[in-house]
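Below: the structure, in structure tokens.
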Amino acid sequence: MKPRTNAYFFFILTLFALQIHAQEGDDLFASLETTETETQLLPENMLITQRLLWGNKGLLRTTGIAKLNKTQREKELNLRRKLLVAHQVIGYATLAGMIAQGIIGGKLYNGDYSLKDTHENLGMTVNALYFTGAGLSLFAPPPLINKKVKGWSSMKAHKFLATIHLSAMIATNALSEDNKKLHRAAAYTAFGSYAAAMIVLKF
């Protein structure tokens, strides 16, 4: 892509990332338990990606593939758990790939081009893992309820860091041929914020 196209693409996806961050309630493993008085099958707040598929007028509802009822929602919540577990597993694999990519990229930056093909192939693998993992989280069925936590929390920090590493990953790809120094800076930013996003969930 041309530099101007890259910048436009980066801007659009950054706005998308900020929209994801703006949603306050989507805990990775929000409680799936209902109360005796619970009648609402969908949370009030959902990510755009969730609403497009799983909302009252989402694609899966209007086509009849996933009709909104209690039995279907139970299936969706089970699917959600599986997708988010896969999201975490892929996350660790992505982080390992980023570390390897950083080591190889450092050698290339210092003039050793013997690993150029390996760097490019590993880059494609890391991209595939990263965006697959992101997709599993973004398009997973919504939880039954979205908990609102006052103040700062590990989940809010995770979301904030997600906007950074998503933008940095896009920039890393967009700048791979245009500016080597900025490409490297974006790659390190993506790695640092991605690693931090995983660490904060442990506390």
Condition met for MET155 (within 25 Å of ARG51 (Cβ to Cβ) and either assigned by TED's automatic domain parsing to the domain that holds ARG81 or surrounded by 15 or more Cβ atoms within 10 Å (Cβ to Cβ) (or both))
yes
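Each row is one residue, and each column tells you yes or no for (1) among the polar types (S, T, N, Q); (2) touching a residue at least 40 places away in the same chain (Cβ under 8 Å); (3) on the phi > 0 side of the Ramachandran plot.
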position: ALA86; (1), (2), (3): no, yes, no
position: TYR92; (1), (2), (3): no, yes, no
position: GLY111; (1), (2), (3): no, no, yes
position: LEU115; (1), (2), (3): no, no, no
position: GLY133; (1), (2), (3): no, yes, no
position: SER137; (1), (2), (3): yes, yes, no
Restricting the search to segment 39-49, which residues are in a helix (DSSP H, G or I) and either among the hydroxyl-bearing types (Ser, Thr, Tyr) or modelled with pLDDT of 95 or more (or both)?
THR49
Given the condition part of a helix (DSSP H, G or I) and closer than 30 Å to LEU42 by Cα, answer yes or no: does some residue in segment 167-186 qualify?
yes
Take segment 178-196 and flag every residue that is among the basic types (Lys, Arg) and touching a residue at least 40 places away in the same chain (Cβ under 8 Å).
LYS180, ARG184
Taking segment 66-92 and keeping only residues that are within 28 Å of TYR130 (Cα to Cα) and either of a type in the set (A, V, I, L, M, F, W, C) or not in a helix (DSSP H, G or I) (or both), one is left with ALA66, LEU77, LEU79, LEU83, LEU84, VAL85, ALA86, VAL89, ILE90
Could you list, in sequence order, all residues of segment 53-65 that are outside any helix (DSSP H, G or I) and surrounded by 10 or more Cβ atoms within 10 Å (Cβ to Cβ)?
GLY55, ASN56, GLY58, ILE65
For residues that are at pLDDT 90 or above and more than 22 Å from VAL89 (Cα to Cα), scanning just segment 183-202, find the one that is surrounded by the fewest Cβ atoms within 10 Å (Cβ to Cβ).
ALA185
Would you be able to say whether some residue in segment 76-91 is under 30 Å from LYS181 (Cα atoms), touching a Ser or Thr at 6+ places or on another chain (Cβ under 9 Å), of a type in the set (A, V, I, L, M, F, W, C) and modelled with pLDDT of 95 or more?
yes
Return the pair list, or none, for Cβ contacts closer than 6 Å from residues in segment 158-177 that are not assigned by TED's automatic domain parsing to the domain that holds ALA197 to residues that are outside any helix (DSSP H, G or I) and surrounded by fewer than 22 Cβ atoms within 10 Å (Cβ to Cβ), at least 6 apart or on different chains.
HIS158/LEU201
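The values are calculated or read from the model by the stated rules, or taken from the named source; none is laboratory data. Remember, it's a predicted structure, so these values are computed and weren't measured experimentally. For neighbour counting, all protein chains shown are included, and Cβ atoms are generated from backbone atoms with ideal geometry for every residue, glycine included.
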